[in-house]
1. If you roll a 1.4 angstrom probe over the protein chains with everything in place, what fraction of the accessible area of region 17-59 belongs to carbon and sulfur, to the nearest %?
2. So how much slack lies between Ala48 and Ser29, counting 0.36 nm per residue of separation and subtracting their Cα-Cα distance, in nm?
Amino acid sequence: MVKPAPKSTPPATPQVACPGCRRRIAYSSDNPWRPFCSQRCRSADLGAWASERYRVASPLAPEDDGDAAQGQTDSPLH
């Protein structure tokens, strides 16, 4: 007697938290707003970037560069 081959099940759709409201949603191509849950959360996030509530940090410049570039030193003048 031959056993039938097990049916392969499609992989489960990953669940992620909406960056706006933290609601769990399926991350799939069926969601036109992914990774957001809705147009509202997507627009709110875009507005936050536009109003500069979110910022990308830039590397800090060493403190000594500004003084050296202007010819200023900490040594006393003679």
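The values are calculated or read from the model by the stated rules, or taken from the named source; none is laboratory data. This is a predicted model, so every value here is computed, not measured. With ligands, DNA and RNA removed, areas are computed over all heavy atoms of the protein, side chains included. Shrake-Rupley method; radii C 1.70, N 1.55, O 1.52, S 1.80 Å.
1. Exposed carbon and sulfur together represent 52 percent of the surface.
2. Gain on stretching Ala48 to Ser29: 4.4 nm.
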